[in-house]
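**Q** Have a look at this one before I ask anything.
Laboratory data are not the source of any read-out in this text; all were calculated from the coordinates shown. Quick caveat: nothing in here was measured; it's all calculated off a predicted structure. Cβ placement follows ideal geometry from the backbone for every residue including glycine, while neighbour counts extend to all protein chains displayed.
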Amino acid sequence: MANRRKPMSEINVVPYIDVMLVLLVIFMATAPLLMQGVKVELPQAPSEALSNDQNDPLVVSVKDDGAIFVNIGIRREEEKGRRVTIFSLADQASKIISARPDIPVYVRADYRLEYGTVIQIMTVLQNAGAQSVGLITDPPEIGD
């Protein structure tokens, strides 16, 4: 009779471990790159938390030096967004708002920024067609 071999019932996991280690290295290398965004120190104020049911709002971030960034989506806060000027903000916002008239619009402004600059940005957004413009703040620290 011919020599019959018993079928092997074990799975070789070495290739899976190799792939997993490569993916781990890739994620470890890219994670710090994803944390780069617009660094804005928000004012602290007691306010309601933003609801999770909003679909990708228009977020305008303003740094303390007056640099303006436009980003779609509050959940992707770590993304830097597209840097714009106050003049091109009106054009960008009107295109986005005309495509989605019910889009929520928020301003993330640094607390050291002049009040007039924030009002100017809010006015540009309202002239672009935003129904309302919200301000994003940090919750106050406990003990303040």
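**Q** Going by average Cβ density within 10 Å per residue, which order do the peptides 62-69, 96-103 take, highest to lowest?
**A** Details: 62-69: 16.5, 96-103: 12.9.
Peptide ranking by packing, descending: 62-69, 96-103.
**Q** For the peptides 122-130, 11-19, what is the packing order when you average, over each peptide's residues, the other Cβ atoms within 10 Å and list the highest mean first? Let's see the in-between values first.
**A** Numbers: 122-130: 17.3, 11-19: 9.1.
Top of the packing list down: 122-130, 11-19.
**Q** For ARG112 and LEU135, compute 0.36 nm times the residue count separating them, minus their Cα-Cα distance, and round to one decimal in nm.
**A** Numbers: separation 23, 0.36 × 23 = 8.28 nm, distance 1.45 nm.
Gain on extension, ARG112 to LEU135, equals 6.8 nm.
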